[in-house]
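Undergrad: Below you'll find the structure I mean.
The values are calculated or read from the model by the stated rules, or taken from the named source; none is laboratory data. Fair warning: this is a prediction, and the values are worked out from it, not measured in the lab. Cβ: placed from backbone, ideal geometry, glycine included. Neighbour counts: every protein chain shown.
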Amino acid sequence: MADKALIIVPTYNERENIPTLIAQVLEKDPRIEMLIVDDNSPDKTGDLVEEIGRREPRVHLLRRPGKMGLGTAYRDGFRWALARPEYEYIFEMDADFSHDPRHLPEFLAVADEADFVLGSRYLNGRVTVVNWPMKRLMLSYFANIYARIVTGLKLWDGTGGFKCFHRRVLAAIDLDKVRSNGYAFQIEMSFRAFHKGFRGKEIPIVFTDRTVGDSKMSGHIVREAVFMVWRLRWWHLTGQL
């Protein structure tokens, strides 16, 4: 089947979520396959995915030796996808159901209009976030305003992690030069794509906070994002991208 879609899902202790997520994702479109990038989860998420993959050939597993960060998980997943020419649409997606699989057909429909598609929680200033504490919501909302001002990105939700890239976008970006590893990774990937001349389009999504498992947010991740936007601006001005 040509023009397959690969959904890349990094996991660390997501055993409770992953079987249901896989089932819901695969039912959305027969072109969709999944790559679970597992960082040696102590709860044996990787073993469960391997078992599912023996029954379902559309499920693939990439094991890593330990917890190495979100950005490196996606970069490894991108390289895996780019080595297989059948994948035209390459997604980023969380394992905790904050990214609702029901939006996947919308991404694929809009992908014909743009080089990459971003699921936005704040499109046109409208907040579509469920179950977040007000403090975290305000931090996220104003972090995106801050990122827009510093980088010049014309995005309402530059930190969002529900994305679909055409393979040509990822092939044009030197993944070895991508430095971010937390949520700043999302800003950096969009920044590099835009400065390669690719067109991005945002679509509205409903983002629901996880109900199972623990959030991966940390102070280090926030600090990385604060400083990375200035580095991106400097690298662009000095031709280092």
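Undergrad: Any residue at all in the range 98-120 that's among the aliphatic types (A, V, I, L, M), in contact with a His (Cβ under 8 Å, 6 or more places away or on another chain), crowded, with 18+ Cβ neighbours inside 10 Å and assigned to a strand (DSSP E or B)?
TA: No: zero hits.
Undergrad: Return the residues of the range 113-163 that are charged (D, E, K, R) and at pLDDT below 90; say none if nothing qualifies.
TA: Taking the range 113-163 first, the residues charged (D, E, K, R) are 113, 115, 121, 126, 135-136, 148, 154, 157, 163.
Scanning the range 113-163 gives 135, 136, 148, 154.
Undergrad: For the range 21-41, give me each residue that is in contact (Cβ under 8 Å) with a residue 12 or more places away in the chain and not in a loop (DSSP other than H, G, I, E, B).
TA: 21, 22, 24, 25, 26, 32, 33, 34, 35, 36, 37, 38
Undergrad: Another one. Considering the range 195-230 alone, what residues qualify as being over 17 Å from residue 123 (Cβ atoms), surrounded by 15 or more Cβ atoms within 10 Å (Cβ to Cβ) and either at pLDDT 70 or above or in contact with a helix residue (DSSP H, G or I) (Cβ under 6 Å, 6 or more places away or on another chain) (or both)?
TA: 195, 198, 209, 224, 225, 228, 229
Undergrad: OK, next. Taking residue 47, is it among the acidic types (Asp, Glu) and within 23 Å of residue 189 (Cβ to Cβ)?
TA: Considered against the rule, which asks whether it is among the acidic types (Asp, Glu) and within 23 Å of residue 189 (Cβ to Cβ), residue 47 comes out as no.
Undergrad: Next question, about the same structure. Being closer than 24 Å to residue 72 by Cα, under 12 Å from the mean Cα position of the chain (by Cα) and part of a helix (DSSP H, G or I): is that true of residue 185 here?
TA: yes
Undergrad: Can you tell me how many residues in the range 42-74 are assigned to a loop (DSSP other than H, G, I, E, B), within 27 Å of residue 173 (Cα to Cα) and touching a helix residue (DSSP H, G or I) at 6+ places or on another chain (Cβ under 9 Å)?
TA: Here is the first cut: in the range 42-74, the ones assigned to a loop (DSSP other than H, G, I, E, B) are 42-44, 56-58, 64-69.
Narrowing further to those that are within 27 Å of residue 173 (Cα to Cα): 58, 64-69.
Retained after the next criterion (residues that are touching a helix residue (DSSP H, G or I) at 6+ places or on another chain (Cβ under 9 Å)): 58, 64, 68-69.
Number of matching residues: 4.
Undergrad: Residue under question is residue 88, and the condition is that it be of a type in the set (Asp, Glu), assigned to a helix (DSSP H, G or I) and modelled with pLDDT of 95 or more; does it hold? Spell out the reasoning first.
TA: On the way: of a type in the set (Asp, Glu): yes; assigned to a helix (DSSP H, G or I): no; modelled with pLDDT of 95 or more: yes.
No: the conditions fail for residue 88.
Undergrad: Moving on to the next point. Looking at the range 149-178 only, could you name the residues that are among the basic types (Lys, Arg) and in contact (Cβ under 8 Å) with a residue 60 or more places away in the chain?
TA: 163, 167, 177
Undergrad: Can you tell me how many residues in the range 1-20 are of a type in the set (Lys, Arg) and not in a strand (DSSP E or B)?
TA: 1
Undergrad: Being in contact with a strand residue (DSSP E or B) (Cβ under 9 Å, 6 or more places away or on another chain), closer than 18 Å to residue 90 by Cβ and not in a helix (DSSP H, G or I) is the filter here; which residues of the range 190-204 pass it? Spell out how you get there, then give the answer.
TA: If we filter the range 190-204 for residues that are in contact with a strand residue (DSSP E or B) (Cβ under 9 Å, 6 or more places away or on another chain), which is where we start, we get 190, 193-194, 198-204.
The next check asks that each one be closer than 18 Å to residue 90 by Cβ; those that pass are 190, 193-194, 198-203.
Selection gives 198, 199, 200, 201, 202, 203.
Undergrad: Quick check on my filter: what residues within the range 133-163 are under 30 Å from residue 33 (Cα atoms) and either exposed (fewer than 12 other Cβ atoms within 10 Å of the Cβ) or aromatic (Phe, Trp, Tyr) (or both)?
TA: 156, 162
Undergrad: Could you tell me whether the range 130-137 includes any residue that is in a loop (DSSP other than H, G, I, E, B), under 28 Å from residue 83 (Cα atoms), touching an Asp or Glu at 6+ places or on another chain (Cβ under 9 Å) and hydrophobic (A, V, I, L, M, F, W, C)? Please lay out each step first, then the result.
TA: Applying the first criterion (in a loop (DSSP other than H, G, I, E, B)) to the range 130-137 yields 131-133.
Adding the requirement that they be under 28 Å from residue 83 (Cα atoms) leaves none.
Taking every residue of the range 130-137 in turn, none turns out to be in a loop (DSSP other than H, G, I, E, B), under 28 Å from residue 83 (Cα atoms), touching an Asp or Glu at 6+ places or on another chain (Cβ under 9 Å) and hydrophobic (A, V, I, L, M, F, W, C).
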